[in-house]
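This report concerns only the one structure given below.
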Amino acid sequence: MLRLNGNTYPYSHAAKQRAGPVSRRGCHLRTVPINAHKVHKISAVIAAEILRVIYLPLEVFAVFVEDMGDIAAEGEVYLASHGEGGRCTVCRHDNDDILALCGDVKMNRGAHKLAYIKPEPEEDTEEEFKLSDVQPVIKAGRYQYNPYLLSKEAIRSFGEDFSAFYKGFLTAYMNYETSCYCPDVECARRICMILTYECPFYADGDIDLNWAANYDYSADRLSWTYQVDKNTLQTRIRQIADIMQSFLNQIKPTDDEADKIQTLYHAFCPLMSYDYDRAVTREKTDGCYALLEHRGICVTFSYVFAQILAQSDIDAAIASGVMSDGESHVWNYACINGQCYFFDTTFELNYHSGNAFVYYGMTLDERLASGAQADLTWLGRYQDYKLATAEIHLNLR
């Protein structure tokens, strides 16, 4: 697979079969006399023949030769020798960078002729995006942590194109790259909105990402800078992967949904402690800190518990609003066998160190009785259904 002028051109397997094996000594396509120490512009006929063998159209090929100094015009091929008997390189040039080596031309000693050596086809490492790439993974009958996972709510709200972009962005972010392809500015805006909620290893302040300023409309790329060093980021990513997997190891895909949530709820709550200082400072409230430090506030616990449930193929999201005591609060709701229930991992910490079922699997009436206000509570991170009218949208009982 070669990428030229922003387009990807695969090698033709059928054409390769027809061409047969090519010796590294060279395949004489056309020969022309040359002066061994000068740069030569070869004819379009020869250029077309060279490009035909590597299965690339001439009209999209702009080339540059090392040591030449000037950029060739679109469609022109230049050859430059590095001494008699030496090798000449055919390259393409784009934005002052040599981006792809497309073939070599070898000087035949003494004869001053050119012979083309066909390059080995490159492996096509680009995989077509599948929606399953951002969904729960099952291997050998067990759940496997998927760093690219998106909640079902996000997939329903934003669709497959955004899901593909999300995977590409996370790949760049995990590899400490500073930009990625972004199909439109709306995707750029959304990634800033959802990272804390969807990505368990993300921490606020990792990157300086201003979607309005950093989206390049002409190139369809989103760029950012890092505020954390590479080793710190990638160490955290590995740690979160191990911790998330430790939760998933406690359940099986064949378990009933009620059994899965019960197991995960009681694996999660006893580990956590409410941090009253962070409730004031609002620092280190991302879900990753609940996993790494076992501390946090309601938003910390509810975000990461939703991520754990999502990894387990459970449709879950958050509920947020103002409780009857006037305090803002965030908790979870999830579907169990087609019915939606409420789960409050924060309030649960007040009972038997998180080992009780006081705020587990609450019905709508039970949640209202425990302090939620129907007109001041919203369900979902992206859809924001008001609890007072939620029965129109959700199967609450």
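The values are calculated or read from the model by the stated rules, or taken from the named source; none is laboratory data. Only a predicted model underlies this, so the values are computations on that prediction, with no experimental measurement involved. All Cβ positions, glycine included, derive from the backbone under ideal geometry; neighbour counts span all protein chains shown. What goes into the accessible areas is simple: the full protein's heavy atoms, side chains included, and nothing from ligands, DNA or RNA. Shrake-Rupley method; radii C 1.70, N 1.55, O 1.52, S 1.80 Å.
Could you check, for region 288-306, whether at least one of its residues is part of a strand (DSSP E or B), modelled with pLDDT under 95 and touching a Gly at 6+ places or on another chain (Cβ under 9 Å)?
no
Pull up region 306-320, narrow it to residues that are open to solvent by 10 Å² or more (accessible area, probe 1.4 Å) and either charged (D, E, K, R) or over 26 Å from the mean Cα position of the chain (by Cα) (or both), then point me to the one that is nearest to G338 (Cα to Cα).
In this case the residue turns out to be D315.
Please go through region 286-305 and give me each residue that is touching a residue at least 24 places away in the same chain (Cβ under 8 Å) and either on the phi > 0 side of the Ramachandran plot or open to solvent by 10 Å² or more (accessible area, probe 1.4 Å) (or both), ordered by number.
D286, Y289, L292, G296, C298, V299, Y303
Somewhere in region 317-339, is a residue in contact with an Asp or Glu (Cβ under 7 Å, 6 or more places away or on another chain), modelled with pLDDT of 95 or more and in a strand (DSSP E or B)? Steps first, please.
Filtering region 317-339 down to residues in contact with an Asp or Glu (Cβ under 7 Å, 6 or more places away or on another chain) leaves 317, 331, 334-337.
From what's left, modelled with pLDDT of 95 or more: 331.
Now narrow it down to the ones that are in a strand (DSSP E or B): 331.
Within region 317-339, one or more residues are in contact with an Asp or Glu (Cβ under 7 Å, 6 or more places away or on another chain), modelled with pLDDT of 95 or more and in a strand (DSSP E or B).
Somewhere in region 379-392, is a residue more than 25 Å from A203 (Cα to Cα), of a type in the set (K, R), modelled with pLDDT under 95 and part of a helix (DSSP H, G or I)?
Going residue by residue through region 379-392, those that are more than 25 Å from A203 (Cα to Cα) are 385-392.
With of a type in the set (K, R) added as a condition, the list becomes 386.
Then drop every residue that is not modelled with pLDDT under 95, which leaves 386.
Now drop any that are not part of a helix (DSSP H, G or I), which leaves none.
No, the conditions are met nowhere in region 379-392.
With the requirement that a residue be farther than 11 Å from K284 by Cα and among the acidic types (D, E), what does region 194-212 give you?
Selection gives E198, D206, D208.
Filter region 148-161 for residues that are open to solvent by 30 Å² or more (accessible area, probe 1.4 Å) and touching a Pro at 6+ places or on another chain (Cβ under 8 Å) and give the result.
D161
Look at F343 and say whether it is in contact with a strand residue (DSSP E or B) (Cβ under 6 Å, 6 or more places away or on another chain), at pLDDT 95 or above and closer than 22 Å to L195 by Cβ. Spell out the reasoning first.
Values: in contact with a strand residue (DSSP E or B) (Cβ under 6 Å, 6 or more places away or on another chain): yes; at pLDDT 95 or above: yes; closer than 22 Å to L195 by Cβ: no.
No.
Within region 119-136, can one find any residue that is more than 14 Å from the chain's Cα centre (by Cα) and modelled with pLDDT of 95 or more? So that I can check it myself, show each step before the final result.
At the first step, the residues of region 119-136 found to be more than 14 Å from the chain's Cα centre (by Cα) are 119-125, 136.
Among the residues that remain, those that are also modelled with pLDDT of 95 or more are: 136.
Looking through region 119-136, at least one residue is more than 14 Å from the chain's Cα centre (by Cα) and modelled with pLDDT of 95 or more.
Among the residues of region 349-364 satisfying the criterion of being modelled with pLDDT under 90 and outside any loop (DSSP other than H, G, I, E, B), which is nearest to R190 (Cα to Cα)?
So the residue we want is L364.
Of R278, R236, which residue is without any contact (Cβ under 8 Å) to a residue 24 or more places away in the chain and basic (K, R)?
Selected residue: R278, the only one of R278, R236 that is without any contact (Cβ under 8 Å) to a residue 24 or more places away in the chain and basic (K, R).
Count, please, the residues in region 226-264 that happen to be farther than 22 Å from K139 by Cα, open to solvent by 50 Å² or more (accessible area, probe 1.4 Å) and in a helix (DSSP H, G or I).
Step one: filter region 226-264 for residues farther than 22 Å from K139 by Cα, giving 226-236, 262.
Remaining after also requiring open to solvent by 50 Å² or more (accessible area, probe 1.4 Å): 227, 229-232, 262.
Remaining after also requiring in a helix (DSSP H, G or I): 230-232, 262.
Here the count works out to 4.
Condition first: touching a Phe, Trp or Tyr at 6+ places or on another chain (Cβ under 9 Å), open to solvent by 60 Å² or more (accessible area, probe 1.4 Å) and of a type outside the set (F, W, Y). Now tell me which residues in region 333-380 satisfy that.
Matches in region 333-380: N350, V358, E366.
Could you look through region 162-215, keep only residues that are among the aromatic types (F, W, Y) and more than 18 Å from Q234 (Cβ to Cβ), and pick out the one that is most open to solvent (accessible area, probe 1.4 Å)? Outline the logic, then answer.
Taking region 162-215 and keeping what is among the aromatic types (F, W, Y), we get 162, 165-166, 169, 173, 176, 181, 197, 201-202, 211, 215.
The next check asks that each one be more than 18 Å from Q234 (Cβ to Cβ); those that pass are 162, 165-166, 181, 197, 211, 215.
Details: F162: 3, F165: 8, Y166: 0, Y181: 136, Y197: 8, W211: 88, Y215: 18 Å².
The selected residue is Y181.
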